[in-house]
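Shown next, in structure tokens, is the structure this report addresses.
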Amino acid sequence: EDKVVQSPLSLVVHEGDTVTLNCSYEVTNFRSLLWYKQEKKAPTFLFMLTSSGIEKKSGRLSSILDKKELFSILNITATQTGDSAIYLCAVQSNTGNQFYFGTGTSLTVIP
Amino acid sequence: DTEVTQTPKHLVMGMTNKKSLKCEQHMGHRAMYWYKQKAKKPPELMFVYSYEKLSINESVPSRFSPECPNSSLLNLHLHALQPEDSALYLCASSQDPGRLNTEAFFGQGTRLTVV
């Protein structure tokens with residue numbers, strides 16, 4: 001059975017801290033791994049990773065994939081209160097077209 | 001236009017009602033999805049349409065009936081729902097299902113309450 005697990009489930013940090021969010025997966029015929037940020041309603045796209053070892057970076061956020069160990073991390077440096085959200089990891093397989101979401105990590109950044 | 005538009009934003013319905021959720025995108029995407037999300041839980045896949053044909057039904061009860069009238073529209077018809085069906089219903093779309101490396105774009109969702 002395909003499975004996507006994120007850790008930690010929740011995290012509370014102070015502004016300026018650096019956080020690392022984890023996503024591990026067991027998916028048949030892996031195609032890509034995606035990170036989303038969900039605040040109130042729609043998940044918004046952050047990164048898509050398909051190749052191992054290549055870091056994707058956008059401002060204070062970065063992510064990397066390890067296809068051998070079947071996990072990805074999302075790093076956020078110099079956190080701000082606006083980073084408070086649920087961060088979702090999703091994995092897409094080549095069989096069918098579905099995106100399977102992980103359990104999510106709820107991040108709270110306090111001033 | 002990089003939006004997925006869902007209507008209505010909020011819906012309250014009784015257990016004997018029939019209602020429909022609508023989703024629209026004009027990005028030329030050929031894969032469209034319905035997800036159900038309960039509070040503090042990740043989105044759960046319900047249905048996938050590829051090229052207007054139902055390709056995946058994740059064992060969803062028949063009181064939920066999807067419909068894809070054309071490549072831009074996706075509906076979810078609701079009938080005889082239960083209070084436990086109350087949730088945020090998210091629609092998403094992605095590019096040509098045959099292409100690699102494509103992300104899903106999400107609508108803002110419909111907050112459904114069944115009373």
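All of the numbers you see were taken from the coordinates with simple rules; none came from a lab. In this text the structure is predicted, and so the values were computed from the model without any measurement. Cβ sites come from the backbone with ideal geometry, for glycine too, and all protein chains shown count toward neighbours.
Summary table
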{"quantity": "In the stretch A:16-105, trypsin sites (Lys or Arg not before Pro) in a DSSP loop with at most 12 other beta-carbon atoms within 10 Å", "calculated": "A:LYS40, A:LYS68"}
{"quantity": "Order of B:THR5, B:THR102 under a 10 Å beta carbon neighbour criterion, fewest first", "calculated": "B:THR5, B:THR102"}
{"quantity": "Environment charge of A:ILE110, counting only residues whose C-beta is closer than 14 Å and scoring Lys/Arg +1, Asp/Glu -1", "calculated": "-3"}
{"quantity": "Reachable lysines, given that their alpha-carbon falls under 18 Å from the alpha-carbon of B:LYS19 and they are not under 8 places away in the same chain", "calculated": "B:LYS9, B:LYS36"}
{"quantity": "q = 0.14 Å⁻¹: log10 I(q)/I(0) that the Debye formula gives for chain A, counting C-alpha atoms only", "calculated": "-0.51"}
{"quantity": "Neighbour-count order for A:ILE76, A:ILE54, fewest beta carbons within 10 angstrom listed first", "calculated": "A:ILE54, A:ILE76"}
{"quantity": "Volume of the Cα convex hull of the protein assembly as shown, divided per residue and given in Å³", "calculated": "122 Å³"}
{"quantity": "Exposure proxy order (Cβ contacts within 10 Å, fewest to most) of A:CYS89, B:CYS91", "calculated": "B:CYS91, A:CYS89"}
{"quantity": "Shape category assigned to chain B from the gyration tensor of Cα positions, a/c cut at 1.5", "calculated": "prolate"}
{"quantity": "Relative contact order %, chain A, counting alpha carbon pairs below 8 Å whose residues are six or more apart", "calculated": "37 percent"}
{"quantity": "Cysteines (scope chain B) whose Cβ has no counterpart Cys Cβ under 4.7 Å", "calculated": "B:CYS68"}
{"quantity": "Sites matching chymotrypsin sites (Phe, Trp or Tyr not before Pro) across the stretch B:15-115 that sit in DSSP coil, with at most 14 neighbouring C-beta atoms within 10 Å", "calculated": "B:TYR51"}
{"quantity": "Length added when fully stretched, B:ALA39-B:THR16, from 0.36 nm per residue minus Cα-Cα", "calculated": "5.9 nm"}
{"quantity": "Volume in Å³ per residue [convex hull over Cα atoms, computed for the stretch B:2-41]", "calculated": "114 Å³"}
{"quantity": "Hull shadow area, averaged, the stretch A:50-111 [alpha-carbon convex hull, nm²]", "calculated": "5.1 nm²"}
{"quantity": "Selection of trypsin sites (Lys or Arg not before Pro), the stretch B:1-67, meeting DSSP coil and at most 12 other Cβ within 10 Å", "calculated": "B:LYS9, B:LYS40"}
{"quantity": "Under 5 Å, built H, 5+ apart or other chain: amide partners of A:GLU15", "calculated": "A:ILE110"}
